[in-house]
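The values are calculated or read from the model by the stated rules, or taken from the named source; none is laboratory data. Predicted, not measured: the structure shown is a model, and the values here were computed from it. Ideal geometry is used to build each Cβ from the backbone, glycine not excepted, and the neighbour counts take in all protein chains shown. Side chains included, ligands, DNA and RNA excluded: accessible areas come from the protein's heavy atoms. Shrake-Rupley method; radii C 1.70, N 1.55, O 1.52, S 1.80 Å.
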Amino acid sequence: MKESVPSDDAIAKLEKAVKSARVKLALAKSHLTEEYEIDTPPQNHIRLALSIVPNKKEDEHYLMAADILRGELGEALEALEVAREQRRVDAVVRAREEEISFGKNVDDCPICLDPLYAGITHRLFVGALPCCGKQICVSCADDHVEKIQEEFTKTKPYYQYVTGKDYFTGGRGGINRSNDRKALQYMKMAAKGGEAEAQALLGLFYHQSPRGIVERSTTDALYWYETAASNGHVFSHMSYAMALIKEWIKSPDTENHQVYPMTAFAAHHGILQAQSHLSDYYSYFQPDFDVVTKKSFIRAKYWLGKVLRSPQSEVVEQGQANAYGRYASILLALQDENMNGVSDVAGHSSVPEALYWFRKAKEVNSVTPQDEKLMEQCELVGTFRCHCCKTSSEKYKLAGQGNMMKCRRCHWARYCSKQCQVRHWEMGHKKDCKKKY
């Protein structure tokens, strides 16, 4: 489902919400530090705190109100950052699509009469009929593939690509074993004839040299990746960006402003590896590349969240199983950034969700030692006190009560009584709670 791009009015509303959240937090903090820089009567501070956390002493009101307001500010900032990223990506994609004439209707399939489109994102035409040479769609081509391939291998770039790929993999078409020399020969013919799939694979040959099929050459790899990308091949946008980064690592003084646009274009069109790489850029990697100028856990979370919305089988199959643990770590880092290290504020705790993703990482055997350590720390933090009234576990045990109750859903939050559990749920735990995976 295509995301709607936030309008100027939507951005303005989000900016207003951030400003309002900052003012509220400043009101609560100013009372705690006795710095009344904002011209607001003290009773308004108290009313604000009382409306958030009833039945507490005045100082405790302000402390808890400040924590809650930090969470609200963090949510407002996240909504604004995500909206700005969506706007940025939309501008990149529109510019790129205009440049490569992506998605233009070129004709109708003469057999089923469905429209055919230029571009390789979702290839809807794959070749031509032997009789008239007209382009046909994928489903119709399946019924004629052997005859078409035999007829046009010598002249049609797509079938040169198919034949080259068959020689490389030892696949269909009567080819029972691989032949790298012929594979390279047909792939070059197809690439020079304008077949984007062949250009992308030729870029891969020069970039990674599988089986030593050709001598590695970053220059040639970049040329063919860029050519394929210019012809609408979505995955090549990411391959091109990765090759550029590899070159940048060798020569850090080299500036290149194409990495983000190329990767964002592929990510927008659903390439999981591109979405994962964008998350990495914002989490850890800070090259001097145009748009990517600083870390942003919010944007890292946004892009990795897209990966996790894909079916688990697809995530694992495409080598992105480590996304589960990475996402959990980003959630904790973002919470630490927003909440000054406080992890159990009702309605603003990321720990239950982080534990969910850590457990899922463990289930698909992708958990790292660092993930295990963070998971243990999260589990331990939940045992210290009642998450509602803040009664310490030690005090509870000394009173002869034993261990505190666990939330049956997330198995993280602890409570000294059923009343505290119910109240904490209403205070916001129902928003934080994530079923134990």
| task | Between V23 and L113, with labels modelled 7 Å along Cα→Cβ, what's the label distance in nm to one decimal, could you check? | result | 6.2 nm
| said: If I model a spin label at E99 and A12 as a point 7 Å from the Cα along the Cα→Cβ vector, what separation in nanometres do I get? | reply: 3.2 nm
| said: With θ taken as phi - 60° and the coefficients 6.51, -1.76 and 1.60, list the Karplus ³J(HN,Hα) couplings across the range 419-429 in order, rounded to whole Hz; mark glycine and proline as x. | reply: 4, 5, 4, 5, 5, 5, 4, 6, 5, x, 5
| said: Show me, for the range 364-381, the HN-Hα J-couplings you get by feeding each phi into the Karplus relation (A = 6.51, B = -1.76, C = 1.60, θ = phi - 60°), rounded to Hz, glycine and proline as x. | reply: 9, 6, 10, 6, 9, x, 5, 4, 4, 5, 5, 4, 5, 5, 4, 4, 5, 4
| Ranked by accessible surface with a 1.4 Å probe, highest first, in what order do W357, W425 come? | W425, W357
| request: Give a residue-ordered list of calculated ³J(HN,Hα) values for the range 395-408 (Karplus: 6.51 cos²θ - 1.76 cosθ + 1.60, θ = phi - 60°; whole Hz; x for Gly, Pro). | output: 4, 5, 5, 4, 7, x, 8, x, 7, 6, 6, 9, 5, 5
| What pairs from K19/K306; K395/K418; K16/K295; K301/K360; K294/K434; K362/K435 go past 20 Å between their alpha carbons? | K19/K306; K16/K295; K294/K434
| task | Calculate, for the range 349-414, the solvent-accessible area per residue in square angstrom, rolling a 1.4 angstrom probe over the heavy atoms of the protein chains. | result | 55 Å²
